[in-house]
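**Q** One structure, pasted below without further comment.
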Amino acid sequence: MAKRKKHKALATMAGDVLPPALALDEKAAPAAGGTLAYHDEDLFRIFGIETTSINVGPRSALELTAVSAAVRLLSETAGGLKFHVYKRGDGEAREIDREHPAEALLNEDANDWTAAGDLRALLVSDALLHGNGYAFANRVEGRVVELLRLDPRAVSIVVDQLTGEPSFEVSVVTGGRRVYGVRDIIHLRGPHLDVDGVSGLAAIKVAANAIRFGLALQRHGVNLFERGARPGGVLMTPAGTRIDAETRARMKASWRAYEGSANAGGTPLLEQGTAYQPFTFNSTDAQFLELLRFIVDDISRAFGVPAHMLGEMGRATWANVGELGREFLAYGLSPWLTRLEAGYRRVLLSPDERAERFIEAETDGLISADIKSRAEAYSLMRAAGVVTGNECRARENLPARPDGDSLSNPNTTSGAEPEGRKVPPPSEPAEQEPADGE
């Protein structure tokens, strides 16, 4: 009965969300400037690359492999992490509240057809490509029973000019719009704030010129190799030679017959004393691969991920890859996790619950070292009395032992408590000197 009631409540809203008729790709504004930067049209024309027809939008941006890798890395990493509801204890103590109903929505299924991790990945992907990701909290009798992803093109943010509080207008199938508050919508904004201070800017919009340049280079490379990797050039005739339209068409057809990788190696027959003169600039001269590597670096900066995680290993070494991974967690992924935690907290915890509980991502798995390094770390923490044997076993997904809850130092034969945890014996009360006159 509860299941049927939930779906009845869902049908009144979630099933009728309809995105407005918006184009997926928006055309980027032409770059301005007086210098010959890498994104200037003049530089494109020097290399024979046309960019005027390249629009940068959610779909076209993913055609650039560096963008696709960055979106996949951030979204799938966030989706693969566990988020828990923690209950505060004394001091810094805390424990997971596994009985809280939000635990299932965070780590099992967000709704009947979407896993919790998949929903997180969708929200991050939407925020990167559209600027904002949204999920509707469907409530039954005041309790959130499922989270539903909304098409970001169907949602508009309205900011109260007096308080700055946002509300969310959602387009529906019936043609109208419904307004929801911050407790009904999980809002994950993009990496940059828009001028209203609430909406996000898509990473692909901020890096539009770099993406256009990368797409232009990719298409240039495809066109080049489709024509047999022959450099661009010109057919030159002796001075004073006049070629009629019929001869010109025949020469053009003869030359084109040897284009393409299937016809590479053939020799065209030139007429009227024509000679082929290659252009000075070709893809080798323009350091084609260097430009492609630069694009990967530029995309990595825009998305906040290390270049080596996008496949550019030019400056990565075995010595610094681990450090780069930790920097990715601290500076690239952590802001996304913080925004997700805040969005979950506003929607899944009531104001009264927030005083005792909070939601946080579990990131230990991202920074886990190899087995030897973990064993050394566990040994040091056991010796210092920081963790018990069972706590170490739990981190390795091993079952607990009956004798594993002691904080005693396993590296000593006495089994005594660590020095810092010894309780000093009570001191004997000092004898008081008799007062004068006694």
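**Q** Of all residues being modelled with pLDDT under 85 and among the hydroxyl-bearing types (Ser, Thr, Tyr) in the stretch 292-331, which is surrounded by the most Cβ atoms within 10 Å (Cβ to Cβ)? Just the residue, please.
**A** Per the criteria, the residue is 331.
**Q** I've got another one for you. From the set of residues in the stretch 139-162 that are under 22 Å from residue 201 (Cα atoms) and in a loop (DSSP other than H, G, I, E, B), which is farthest from the chain's Cα centre (by Cα)?
**A** Among residues in the stretch 139-162 that are under 22 Å from residue 201 (Cα atoms) and in a loop (DSSP other than H, G, I, E, B), the one farthest from the chain's Cα centre (by Cα) is 161.
Here's the yes/no breakdown for (1) touching a residue at least 40 places away in the same chain (Cβ under 8 Å); (2) among the hydrophobic types (A, V, I, L, M, F, W, C); (3) closer than 30 Å to residue 71 by Cβ; (4) exposed (fewer than 14 other Cβ atoms within 10 Å of the Cβ):
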residue	(1), (2), (3), (4)
333	yes, yes, yes, no
340	yes, yes, yes, no
345	no, no, yes, no
350	no, no, no, yes
385	no, no, no, no
390	no, no, no, no
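**Q** Check residue 113 against each of (1) touching a Lys or Arg at 6+ places or on another chain (Cβ under 6 Å); (2) without any contact (Cβ under 8 Å) to a residue 12 or more places away in the chain and name the one condition it does not meet.
**A** Every condition holds for residue 113 apart from (1).
One line per residue, one yes/no per condition, for (1) in a loop (DSSP other than H, G, I, E, B); (2) of a type in the set (Val, Ile, Thr); (3) in contact with a strand residue (DSSP E or B) (Cβ under 9 Å, 6 or more places away or on another chain):
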residue	(1), (2), (3)
127	no, no, yes
174	yes, yes, no
182	yes, yes, yes
219	no, no, no
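**Q** Any idea which residue in the stretch 177-199 is nearest to residue 130 (Cα to Cα), counting only those that are touching a residue at least 60 places away in the same chain (Cβ under 8 Å) and among the aliphatic types (A, V, I, L, M)?
**A** Of everything passing the filter in the stretch 177-199, 188 is nearest to residue 130 (Cα to Cα).
**Q** May I ask you to say which residue of 42, 90 is modelled with pLDDT under 85 and assigned to a helix (DSSP H, G or I)?
**A** 42 is the lone residue from the list that is modelled with pLDDT under 85 and assigned to a helix (DSSP H, G or I).
**Q** Another question, then. Identify all residues within the stretch 129-138 that are in contact with a Lys or Arg (Cβ under 6 Å, 6 or more places away or on another chain) and either closer than 24 Å to residue 302 by Cα or assigned to a helix (DSSP H, G or I) (or both); write none if there are none.
**A** Result: 132, single match.
**Q** Continuing with the same structure: If you take the residues in the stretch 364-407 that are among the hydroxyl-bearing types (Ser, Thr, Tyr) and at pLDDT below 85, which one is nearest to residue 103 (Cα to Cα)?
**A** Only one residue fits best here, namely 368.
**Q** Kindly check whether there is at least one residue in the stretch 262-271 that is in a helix (DSSP H, G or I), assigned by TED's automatic domain parsing to the domain that holds residue 133 and either modelled with pLDDT of 80 or more or of a type outside the set (Ser, Thr, Tyr) (or both).
**A** So far as the stretch 262-271 goes, no, none of its residues is in a helix (DSSP H, G or I), assigned by TED's automatic domain parsing to the domain that holds residue 133 and either modelled with pLDDT of 80 or more or of a type outside the set (Ser, Thr, Tyr) (or both).
**Q** Same structure, new question: Residue 85 versus (1) under 23 Å from residue 366 (Cβ atoms); (2) touching a residue at least 40 places away in the same chain (Cβ under 8 Å); (3) surrounded by fewer than 16 Cβ atoms within 10 Å (Cβ to Cβ): which is the lone unmet condition?
**A** Going through (1) under 23 Å from residue 366 (Cβ atoms); (2) touching a residue at least 40 places away in the same chain (Cβ under 8 Å); (3) surrounded by fewer than 16 Cβ atoms within 10 Å (Cβ to Cβ) one by one, residue 85 breaks only (3).
**Q** Just need a number here: residues in the stretch 392-407 that are assigned to a loop (DSSP other than H, G, I, E, B) and within 12 Å of residue 378 (Cα to Cα).
**A** Total meeting the criteria: 1.
The values are calculated or read from the model by the stated rules, or taken from the named source; none is laboratory data. Just so it is clear, the model here is predicted, and its values are computed rather than measured. Note: ideal-geometry Cβ built from the backbone for every residue, glycine included; neighbour counts use all protein chains shown.
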